[in-house]
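Scroll down for the structure; my scribbles are underneath it.
The values are calculated or read from the model by the stated rules, or taken from the named source; none is laboratory data. Please read these numbers as outputs of a predicted model, since none were measured by experiment. We place every Cβ from the backbone using ideal geometry, glycine too, and count neighbours over all the protein chains shown.
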């Protein structure tokens, strides 16, 4: 069986690594490449680059950052933000990405999922879903899919949307809780469990992780991978510490004794 | 002089990552898009992402199928990665039945959707899994020579090769409690289902071993 993947999430705006809270108010943290190399050397399993404002301006700026990454980082890279067409995906793959994360453009035109899966394979087509609770006081109300960095709501039910996305060819779900994103106060575990049960493809749980315990709960809920950003960027913890803590809880992670 | 490794470009796959990884392993990596550059190559990498049918159609459309077979027959080291490994086989069953390059006997078939206990298995298989020797000789004299059994590498695939000859089978990995073919080797032709260029230090060690083959190929 595959190990649970620990993914470092790098939100990028222009040339800077940024961190947002609930997709609002961005803080600049520095050169994304330096962070990427640091996490690679620490033994992270995968990198996720998201151009945070790309979909607003309808363009993606990640090409140079991805090309730079390929010289020093030899692990899988997913890139997203503002990708709208098969040509956009081809461009980021040429620049060094392995997978494309698509949210806004897929909600606007779901056929794009099929087009990307047909051109590059399902393994390349990561459906990024920004889920927000319809009513925080009523768990039974479920979640709605958002886009444009959690600003706009689509009217689509998250569980219906992920099922449709997989039927159309999505090979993974990148699941972000808009409610929890950026707060470092825990993940939406009910959401993770509900989506993991709804689809047969791997689910990457993202948004709000504060500790190895949060990640452990996400894995228990069915996630095959967990994405963390803030707690790494702010040196609350590091990759070896998180992996050790997960291993102690019985989660199988890749052990890395490299540089 | 650095050994030259030719990466076959047929419009599919993350070629830049393969190139950068080979460069960091001491090779001079060049892209070949036409039959002529393949016929001159001293070592070949066949990368690939996408479906078997689409990949073979592109190789054929670009006239690359025959030159690859010729170089393989001449003893040039050839490394197939992911779809590139699958296309080394006789037949693929992704998007219909498609003839492959036929360099290694066997077929390419969908991964089972249930584990050995009958529980649903997530397909595609995405992630890091350990390599276990498939035969009694372990990884000796192969591109996996420096790999310790159990070391993990990165897989992304929904289909897997089923070699007809057990002796071609170099390494397996476990998925859903079953052995899945992870690497094959027949003479100078090697295939890896995982992505060495995306498998951190373990993967770079595998590419370094391939670059050593490229330095001292046993030509026929």
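Would you check if there is a residue in region B:33-56 being within 14 Å of another protein chain (Cβ to nearest Cβ), more than 15 Å from the chain's Cα centre (by Cα), at pLDDT below 95 and farther than 30 Å from residue A:64 by Cα? Yes: region B:33-56 contains one or more residues that are within 14 Å of another protein chain (Cβ to nearest Cβ), more than 15 Å from the chain's Cα centre (by Cα), at pLDDT below 95 and farther than 30 Å from residue A:64 by Cα. Checked against (1) in contact with a strand residue (DSSP E or B) (Cβ under 7 Å, 6 or more places away or on another chain); (2) closer than 20 Å to residue B:198 by Cβ, residue B:53 meets all criteria but (2). Looking at region B:162-220 only, could you name the residues that are within 14 Å of chain A (Cβ to nearest Cβ) and under 15 Å from residue B:145 (Cα atoms)? Result: B:172, B:182, B:196, B:201, B:202, B:203, B:204, B:205, B:206, B:207, B:208. Tell me whether region A:120-132 contains one or more residues that are more than 14 Å from every other protein chain (Cβ to nearest Cβ), surrounded by fewer than 18 Cβ atoms within 10 Å (Cβ to Cβ), at pLDDT 90 or above and not in a helix (DSSP H, G or I). Within region A:120-132, none of the residues are more than 14 Å from every other protein chain (Cβ to nearest Cβ), surrounded by fewer than 18 Cβ atoms within 10 Å (Cβ to Cβ), at pLDDT 90 or above and not in a helix (DSSP H, G or I).
Selection of region B:83-103 for residues being over 12 Å from residue B:194 (Cα atoms) and in contact with a helix residue (DSSP H, G or I) (Cβ under 8 Å, 6 or more places away or on another chain) yields B:87, B:92, B:93, B:94, B:95, B:96, B:98, B:99, B:100, B:101, B:102, B:103.
With the condition being within 14 Å of chain B (Cβ to nearest Cβ), crowded, with 19+ Cβ neighbours inside 10 Å and at pLDDT below 95, I'd like the strands (runs of 3 or more DSSP E) fully within region A:1-43 carrying at least 2 qualifying residues.
Of the strands (runs of 3 or more DSSP E) lying wholly inside region A:1-43, none has at least 2 residues that are within 14 Å of chain B (Cβ to nearest Cβ), crowded, with 19+ Cβ neighbours inside 10 Å and at pLDDT below 95.
Taking the conditions (1) in contact with a strand residue (DSSP E or B) (Cβ under 7 Å, 6 or more places away or on another chain); (2) in a loop (DSSP other than H, G, I, E, B); (3) within 25 Å of residue A:122 (Cβ to Cβ) in turn, residue B:101 satisfies each one other than (1). Residues in region B:122-139 that are more than 8 Å from chain A (Cβ to nearest Cβ) and assigned to a loop (DSSP other than H, G, I, E, B) were compared, and the one that is surrounded by the fewest Cβ atoms within 10 Å (Cβ to Cβ) is B:136. The criterion of at least 3 residues that are within 14 Å of another protein chain (Cβ to nearest Cβ) and buried (at least 18 other Cβ atoms within 10 Å of the Cβ) is met, among helices (runs of 4 or more DSSP H) falling completely within region A:160-259, by A:239-248.
Checked against the criterion of being away from chain B (no Cβ under 13 Å), under 19 Å from the mean Cα position of the chain (by Cα) and modelled with pLDDT under 95, region A:87-103 has at least one qualifying residue. Is it fair to say residue B:80 is within 14 Å of chain A (Cβ to nearest Cβ), out of contact with any helix residue (DSSP H, G or I) (no Cβ under 6 Å at 6 or more places or on another chain) and closer than 18 Å to residue B:157 by Cα? The answer is no for residue B:80.
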